[in-house]
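To start, the structure itself, in structure tokens.
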Amino acid sequence: MIKKIIIFTITALFLFANELVITKYFNEKPKINILFNGDKNVLKILKMDLKVLDHFNYSINEDNNATYRFEFTYVNKKLSVKYFENDILKIQRIYKSNSYAYFPFLVHKAVYDINEYFSLPKAKFLIRKVIYSMLVAPKQANIYLADYTLSYKKRIISGGLNIFPKWADEKQNVIYYTKLGRLPTLYKLNLLTGKRVKIFTSQGLLIVSDVKKDKLLLTLAPQGQPDVYMYDIIRKKLIKLTKYKGIDVNAKFWGDNKVVFVSDRFGMPMVFSKTLNKGLIKRVLYHGKNQVGVDAYGDYLVISTRETNNAFDRNTFNLFLVNKNDDSLKRLTFKGQNSYPNFSVDGNSIMFIKRENFYSKIGIIRLNENKVFYYPLPKILQSFDW
Amino acid sequence: MKKKLLIAVAAILMVTGCSKQPSLENATETTQQSAQSTQMTAKNETSAAVNENESVSTENANVEEQTIGEETKVSVTADQKFAKELASIVIYFDFDKYNIRPDQWPKVEQLAELIKKNPANYTIRIEGNCDEWGTEEYNYALGLKRAKAVKDALIKLGVDPKKLTIISYGELNPVCTAHAKWCWRKNRRDNFTYLP
């Protein structure tokens, strides 16, 4: 009992210490003043960007005696941003688009540039495009292109089941996706040219789980047996990485020489790692009733675990952050069904899906800022990549 | 004989009646007067041979010819009956499981008998489905394992493996979209589709 109390006290102290660090970070945020002139919708996106970025102590259209002032003017598909320091104009930047609908990307880039101006931690999530698949009717899922707020939305692929889209390149011009026809087929689509290339077809199951340069991690089941494979796009070489008779899915590259994946080899889905050369398989997290989703960035893993075990009622799925070096575990969400975690390209944010009563929300965790933001979605989101 | 004649006349009337429908719709779009409009659409039909609408109407005509022949009629209905019987069998699974439940086993046996009784050249697609729990990739694999479990059982019961293909729809093909336990139970299932 005494031991338990001591452990509890230490945990509480640790949490408190963590809070202190966060408060300090909060106080040191650069103070800026924003003046906005133009469309109300554009202002809405600007407010959202500053809120989610959480790097500034800001005020909009109100004087806060800040040294830095940014004057935003949006007129006729053109956004102009003037940077002032002590009322002296330093820089003027202009962002233009062909269509009105594209304005969220102009605002995101403008805010991203301000963040860069102060050399603050990278916030690439602002300017990354999100590609997602959404179920619009039973057996009908479309693929859409969006900004991170999902305000801008463009339908790219429709008709039948188009699922599991993944960015194929750093510049976000090419995607991979699976079309579930009579047989699942993997396609590569160039969004700029519209050129679509069929990569291959496989019986039962075909999912791109991760992309790293010319290498893909896939889940395939040529004989009805789901296993993890690695595919070299250039050499057209397919290597089978797992051969367990149950389920092996959802593989992600972890560092240079490892992959992590979800397997039910212990009777329940759990996350395992495997070294690529030696082939050693290890369990990575001992928490939760099961672990159904995983993503990796650098030394970190984000894992979605089921914490309740109820077949006939609402279950709780939460996200945990695991550090490879010190085996530390950090809880990122506290209630609801949180799944499909996905690191941003700079590793500073995690996007995930939160589900409530057959509706889904997008959640964004800002790791350094210790905050989570949600945006609603009208339908079930099948999967996404950003 | 008289009866047959009457049916034939009625059928012709129905056919002509049907064929006029699309042209009348087109007519209202172009002009208001019915007499003039029918003439205009008739012209359109003859002149625009490349029009997409035309190819659709000829397909319909082919279908009607086939249904008149008695032999084809019998085989079509037999296939349809078989497809219906297949579709009526649904095998349910437990939460997070892909092994066949003992109470579902009689259905697998019934399915094996049904397939063996129909020796014609066809394929059956076993479609694994899931409820809303879990991330999509794991759900897909679970759906596939559910399909494979039934496929393996059918092979053990003497069904030709060549006749069986499997696919997983994960949670993308729900039969029930209410957020309730009876609904989730209905979605954890295998369906069987006849592919001629």
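Looking at region B:114-127, is at least one residue over 28 Å from residue A:179 (Cα atoms), modelled with pLDDT under 85 and basic (Lys, Arg)?
Within region B:114-127, not a single residue is over 28 Å from residue A:179 (Cα atoms), modelled with pLDDT under 85 and basic (Lys, Arg).
Can you tell me how many residues within region A:53-73 are crowded, with 16+ Cβ neighbours inside 10 Å and either basic (Lys, Arg) or touching a Leu at 6+ places or on another chain (Cβ under 8 Å) (or both)?
Adding up the residues that qualify gives 9.
How many residues does region A:332-367 contain that are acidic (Asp, Glu) and either surrounded by 21 or more Cβ atoms within 10 Å (Cβ to Cβ) or within 14 Å of another protein chain (Cβ to nearest Cβ) (or both)?
Here the count works out to 1.
If we scan region B:129-147, do we find a residue that is modelled with pLDDT under 90, surrounded by fewer than 24 Cβ atoms within 10 Å (Cβ to Cβ) and more than 10 Å from every other protein chain (Cβ to nearest Cβ)?
Checking region B:129-147: not a single residue is modelled with pLDDT under 90, surrounded by fewer than 24 Cβ atoms within 10 Å (Cβ to Cβ) and more than 10 Å from every other protein chain (Cβ to nearest Cβ).
It is to be established whether one or more residues within region B:103-112 are outside any helix (DSSP H, G or I) and crowded, with 16+ Cβ neighbours inside 10 Å.
no
If you go through region A:200-210, how many residues are crowded, with 23+ Cβ neighbours inside 10 Å and away from every other protein chain (no Cβ under 11 Å)?
Of the residues in region A:200-210, 0 are crowded, with 23+ Cβ neighbours inside 10 Å and away from every other protein chain (no Cβ under 11 Å).
Would you be able to say whether some residue in region A:234-251 is under 18 Å from the mean Cα position of the chain (by Cα), within 14 Å of another protein chain (Cβ to nearest Cβ) and either part of a strand (DSSP E or B) or crowded, with 19+ Cβ neighbours inside 10 Å (or both)?
For region A:234-251, residues under 18 Å from the mean Cα position of the chain (by Cα), within 14 Å of another protein chain (Cβ to nearest Cβ) and either part of a strand (DSSP E or B) or crowded, with 19+ Cβ neighbours inside 10 Å (or both): present.
I'm checking my understanding of the structure. Among residues of region A:368-386 that are surrounded by 17 or more Cβ atoms within 10 Å (Cβ to Cβ) and within 14 Å of chain B (Cβ to nearest Cβ), which one is modelled with the lowest pLDDT?
Top of the filtered list is A:380.
How many residues are surrounded by fewer than 19 Cβ atoms within 10 Å (Cβ to Cβ) and either without any contact (Cβ under 8 Å) to a residue 40 or more places away in the chain or not assigned by TED's automatic domain parsing to the domain that holds residue A:211 (or both) when one looks only at region A:285-304?
Here the count works out to 2.
Among (1) assigned to a helix (DSSP H, G or I); (2) at the interface with another protein chain (Cβ under 8 Å from one of its Cβ atoms), where does residue B:95 come up short?
(1)
Working only within region B:152-196, note down all residues that are outside any strand (DSSP E or B), surrounded by 20 or more Cβ atoms within 10 Å (Cβ to Cβ) and facing chain A (nearest Cβ under 10 Å).
Those that are outside any strand (DSSP E or B), surrounded by 20 or more Cβ atoms within 10 Å (Cβ to Cβ) and facing chain A (nearest Cβ under 10 Å): B:169, B:170, B:171, B:172, B:173, B:174, B:184, B:188.
Test of understanding: among A:329, A:276, A:280, which residue is surrounded by fewer than 21 Cβ atoms within 10 Å (Cβ to Cβ), more than 10 Å from every other protein chain (Cβ to nearest Cβ), farther than 25 Å from residue A:211 by Cβ and touching a strand residue (DSSP E or B) at 6+ places or on another chain (Cβ under 8 Å)?
Sole residue among the options that is surrounded by fewer than 21 Cβ atoms within 10 Å (Cβ to Cβ), more than 10 Å from every other protein chain (Cβ to nearest Cβ), farther than 25 Å from residue A:211 by Cβ and touching a strand residue (DSSP E or B) at 6+ places or on another chain (Cβ under 8 Å): A:329.
Within region A:252-275, restricting attention to residues that are of a type in the set (Phe, Trp, Tyr) and part of a strand (DSSP E or B), which residue is nearest to residue A:294 (Cα to Cα)?
A:261
Determine whether residue A:256 is more than 20 Å from residue A:321 (Cα to Cα), of a type in the set (Asp, Glu) and surrounded by fewer than 16 Cβ atoms within 10 Å (Cβ to Cβ).
no
When you check residue A:333 against the structure, is it assigned to a loop (DSSP other than H, G, I, E, B), under 18 Å from the mean Cα position of the chain (by Cα) and farther than 26 Å from residue B:182 by Cβ, yes or no?
So residue A:333 passes the test.
With the structure loaded, tell me whether residue A:189 is assigned to a strand (DSSP E or B) and away from every other protein chain (no Cβ under 14 Å) or whether it fails that test.
When the stated conditions are applied, residue A:189 passes them.
The values are calculated or read from the model by the stated rules, or taken from the named source; none is laboratory data. Everything numeric in this text was worked out from a predicted model, so none of it was measured. No Cβ is skipped: glycine too gets one built from the backbone with ideal geometry, and neighbour counts run over all protein chains shown.
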